Amino acid sequence: MWRWIDQFSIQGLVSSSISKRLVVFISLTFLLLIDFLDYMIGGFLHLSVFLLVPVAFVTWNVGIQSGLLFSALSASYLMVDYALHPMMFPHPWVVLWDATVITVYFSVICLILTSLKSELDRALQKSKTDALTGLWNSAAFYEIAEQERQRSNRYHHPFTLCFLDLDNFKKVNDVHGHLMGDKLLKKVSAILQGQVRSSDRVARLGGDEFVVLFPETGPEAAERLSSQLHQAINTCLKEELPLVTLSMGVVTYYDVPEKIDEIVHAADLLMYEAKKSGKNSLRCQTVGLLAEAVRE
């Protein structure tokens, strides 16, 4: 369910300012249609309850200010009714009272919807975030990586993934305790977040394993960025616990596989090669038919 809601919020109708304008247009059209039907009926039956639909729609997808504006517009049709059918109302104060009630009622609904959406967004964000480090968790990473994989295939851009693993981290927990281990993981996470570009995506897969996704990044840039991360993290590790180092595996695809698991596995294997060669090192690989052409 969370995945479906997240995909709707990211890729759905209101993902841009243009689509928000479309939401406003649809809502306004629906509101005017209800007002027109009410006019055709002649005021004998009020259709105000149906005006809550465009008000709720625009509030959820555009924001509270638009919702409050539509609440006021929804009540204004009573003024039109009074102007066209004055005999239907015993006194002008009745019109003002009805309009005020509708405005207040719809405004309260807008506030409730806004609060509900905020809670939903917070819950969704929490479900995608690693509790200890604040990075994306494994589930969120796979969703983000799959979107980037599809985009890379569509536009023929390189796809680069960096897999990071702390060397000798188990000894930290065994000798210094889990609190020290958690502190170290938080520091490494902070460095990763501070060093990567705004377009890059960092996640903690679990334990002392991290991944960094470098969108639209070729092998040379990926190796340079990964080396910078390696140096920055190692500098921190030397200050905290010199026995802990960092092994990294970086894979760049020009022909991106169909499954993210395959990409993660390839970067993981490169990381293990770095560990087998003495740890505290970086291994890079470029895969794909275009790799040779890029080297030339």
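A few remarks follow.
- Working note: Karplus 6.51/-1.76/1.60 with θ = phi - 60° gives the stretch 246-257 the couplings 9, 10, 9, x, 10, 10, 10, 10, 9, 10, 6, x Hz, where Gly and Pro are set to x.
- Applying the Karplus relation 6.51 cos²θ - 1.76 cosθ + 1.60 with θ = phi - 60° to the stretch 175-186 yields 3J(HN,Hα) values of 8, 9, x, 6, 4, 5, x, 5, 4, 5, 4, 5 Hz, where x marks Gly and Pro.
- Of F214, A232, V287, farthest towards positive along the dipole that unit charges on Lys, Arg, Asp, Glu beta carbons give the stretch 213-296: A232
- FRET efficiency for the Q195 to I112 pair, using the beta carbon distance and R₀ = 25 Å, is estimated at 0.05.
- By the rule of a C-alpha distance below 20 Å, with chain neighbours fewer than 8 residues away ignored, the lysines paired with K117 are K20, K126, K128.
- Applied to the stretch 267-276, the Karplus parametrisation 6.51 cos²θ - 1.76 cosθ + 1.60 on θ = phi - 60° returns per-residue 3J(HN,Hα) values of 5, 5, 5, 5, 5, 5, 4, 5, 5, 5 Hz, with x for Gly and Pro.
- Inter-centroid distance (Cα atoms) of the stretch 173-222 relative to the stretch 118-154, Å: 15
- Close amide-amide hydrogen proximity is noted between V287 and T252, Y253, Y254, each under 5 Å apart and 5 or more residues distant or on a separate chain (H modeled in the peptide plane; Pro and chain starts excluded).
- Arranged from fewest to most other beta-carbon atoms within 10 Å of their beta carbon, K279, K126 become K126, K279.
No value in this document is a laboratory result; all are computed from the given coordinates. The shown structure was predicted, so the numbers you read here are calculated from the model rather than taken from an experiment. A quick note on method: Cβ atoms are made from the backbone with ideal geometry, for glycine too, and the neighbour counts reach across all protein chains shown.
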